[in-house]
Amino acid sequence: MEERSNRENVVSYYDEHVQHKLNDYIKVNPRIEFAWKTVLDNAPANPLHILEVGCGMGNVSSRMHKHWPDATITGIDISTLSIQIAQKLFANDQLTFRETILTPDTFKNEQFDLIVFMDVYEHIAVADRSDVHAALNKLLKNKGRIILTVPTPHNLKWSLINKPETMQPVDEYISYEVIGKLAADTGTEVMLYQLKNVWNVGDYAHIVLEKNDDFEAAFFSPKPVTTKQRTSRIIGKLKAKLGSFIRRYQVRKKLG
């Protein structure tokens, strides 16, 4: 009963704050613009199946649809009103929205090339992370990527003291250790962990995780990928040998 009550409180909160999400769409929000650039820079090439978790009223899902028109995109959110607005504003045959949370049972036989959490992962309660991680492990394709943007812990600590009215029903600190646990549980590697200066120095972190089941075979492959890579390796070895010869000469000259 308490779990249901807590969920109802969260849904009510986000339903009441839909206007803020509409303003983010109508106006330019630097936080979203920074995050969108990270998505463009780090998404897999030509993703065909995309999931946005915590899509709100669908602004970013719509952007992804315009950028990758051949992709099938699904946006999910806990807010009833947000999903209703997203369906009215953006839904079509390639872009759909569902009112739900992410669990291992949310999608039956689907997998995704790209899964996006734009300022959402910090709003997942610690007790719920295991279900979310299990779902991601199941849903992410090989060579697929998860892209997250989150406020840094010191950002949330500052907000709690100076702007407590901006805190949401669930606001967890997402440290690098938390991201490490996420990577371990989802069978992914951390490809990017980068601090961004949106409104203040280092107030947001952008993270990219990749699942690569072929990593070991690729890593231990004796063949260079290209002729250019082979040439680069040969030149690198020659430079290293020359540098070693020069340093040995200098050492002997100075030390006798």
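Couple of notes before you dig in:
- Along each principal axis, Cα extent of the range 113-256, largest first, Å: 69, 39, 23
- Note on surface exposure: Met64, Met167, Met191 rank Met191, Met167, Met64 by accessible area, highest first, 1.4 Å probe.
- Taking the convex hull of the alpha carbon positions in the range 90-172 and averaging its projected area over all directions gives 7.1 nm².
- Relative to the current alpha-carbon distance between Ala45 and Arg230, full extension at 0.36 nm per residue lengthens the span by 64.1 nm.
- Beta bridges by DSSP in the chain, antiparallel share as percent, to the nearest 5: 40
- Here the chain yields Rg over Rh of 1.10, to two decimals, using C-alpha coordinates and the Kirkwood radius.
- 15 Å reach of a label modelled at Thr100, 7 Å along Cα-to-Cβ, counting backbone N of the range 59-76: 73-76
- Structure-based [θ]222 nm, the chain - -39500 (n - 2.57) summed over DSSP H runs of at least 4, per residue, nearest 500: -15000 deg cm²/dmol
- Toward the positive end of the charge dipole of the chain, with +1 on the Cβ of Lys and Arg and -1 on the Cβ of Asp and Glu, the farthest Cα among Ala183, Phe245, Val150 is that of Phe245.
- Given Lys108/Lys181; Lys88/Lys157; Lys181/Lys228; Lys21/Lys66; Lys66/Lys108; Lys66/Lys211, the pairs whose alpha carbons are separated by over 30 Å: Lys88/Lys157; Lys181/Lys228
- The range 9-144 shape via C-alpha gyration tensor axes, a/c threshold 1.5: rounded
- Inter-label distance for Val251 and Asn142, nm, one decimal - labels placed 7 Å from Cα along Cα-to-Cβ: 4.5
- Unit Cα scatterers, Debye sum, the range 96-142: log10 I(q)/I(0) for q = 0.14 Å⁻¹: -0.34
- Applying both filters, DSSP loop and at most 14 other Cβ atoms within 10 Å, to the trypsin sites (Lys or Arg not before Pro) of the range 69-118 gives Lys108.
The values are calculated or read from the model by the stated rules, or taken from the named source; none is laboratory data. Model, not experiment: these values are computed from the prediction. Don't worry about glycine lacking a Cβ; one is built from the backbone with ideal geometry, like all the others, and counts go over all protein chains shown. Heavy atoms of the whole protein, side chains included, go into the accessibility calculation; ligands, DNA and RNA do not. Shrake-Rupley method; radii C 1.70, N 1.55, O 1.52, S 1.80 Å.
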